[in-house]
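> Quick one: the structure is below, and I'll ask about it shortly.
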Amino acid sequence: MRLPVPLSRRRLDIAFLGFFVFNLLFVSYVISIEQILIRNPADAGGALWPPGESLALIHWWEKTFDPLLWARPAWYRATIWIDVLLFGPFYAAAIYAFARGREWIRTPSFVWAGMMLANVIIILFDELAGVHASPRPWIVLSANASWIVFPLLILWRMGRNIHPFSEEVASA
């Protein structure tokens, strides 16, 4: 018989939960949605979302460190639509599944990790050596490192065991 492993014994999963919450609440639906709603960031006056302080911080980052995000070429906007339409809902499902130990999230985790790694590698390639290369590549690389590290950790975590959240216990 299989029983769920309590979250208190799954410390890495607690880190995953923090990552998923941050991405759901801030990355997908503040930063990424801003890049969809505001086509031209130089003319962002009167934007309804994100709130003014967040918008100012996002635009400061883009202008200072990340010209790709400021330029918003079509291929980049496609990755942002993937974030908003696919990754955001994945984060919501993953928060529930990791917190409750639901093993159905295993396969979606592999899909998310593969897509995330592909998107981030493509984005970083432009940010480091492309048309919109950052004037401060190490800062951009450091800021984006978690979107390489966490997918790799998810692949490792979910690939080790077909039952990532439960363990076999002897029945009495």
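> For segment 74-132, name all the residues that are of a type in the set (Phe, Trp, Tyr), surrounded by fewer than 20 Cβ atoms within 10 Å (Cβ to Cβ) and within 13 Å of the chain's Cα centre (by Cα).
Of everything in segment 74-132, just one residue is of a type in the set (Phe, Trp, Tyr), surrounded by fewer than 20 Cβ atoms within 10 Å (Cβ to Cβ) and within 13 Å of the chain's Cα centre (by Cα), namely 81.
> Continuing with the same structure: Of 11, 2, which residue is touching a residue at least 60 places away in the same chain (Cβ under 8 Å) and of a type in the set (Lys, Arg)?
2
> Here is a check on your reading of the model: is residue 103 among the acidic types (Asp, Glu), modelled with pLDDT of 95 or more and under 23 Å from residue 161 (Cα atoms)?
So residue 103 passes the test.
> Counting just the residues of segment 159-169 that are in a loop (DSSP other than H, G, I, E, B) and in contact (Cβ under 8 Å) with a residue 24 or more places away in the chain, which one comes out nearest to residue 1 (Cα to Cα)?
This residue is 169.
> Looking only at residues in segment 141-158 that are outside any loop (DSSP other than H, G, I, E, B) and without any contact (Cβ under 8 Å) to a residue 12 or more places away in the chain, which one is most open to solvent (accessible area, probe 1.4 Å)?
Step by step, filter segment 141-158, then rank; the result is 156.
> Among the residues of segment 6-38, count how many are closer than 17 Å to residue 91 by Cα and open to solvent by 10 Å² or more (accessible area, probe 1.4 Å).
Result for segment 6-38: 16.
The values are calculated or read from the model by the stated rules, or taken from the named source; none is laboratory data. Just so it is clear, the model here is predicted, and its values are computed rather than measured. Please note: Cβ atoms are built from the backbone with ideal geometry, for glycine as well, and neighbour counts cover all protein chains shown. The area values use the complete protein model at the heavy-atom level, side chains included, leaving out ligands, DNA and RNA. Shrake-Rupley method; radii C 1.70, N 1.55, O 1.52, S 1.80 Å.
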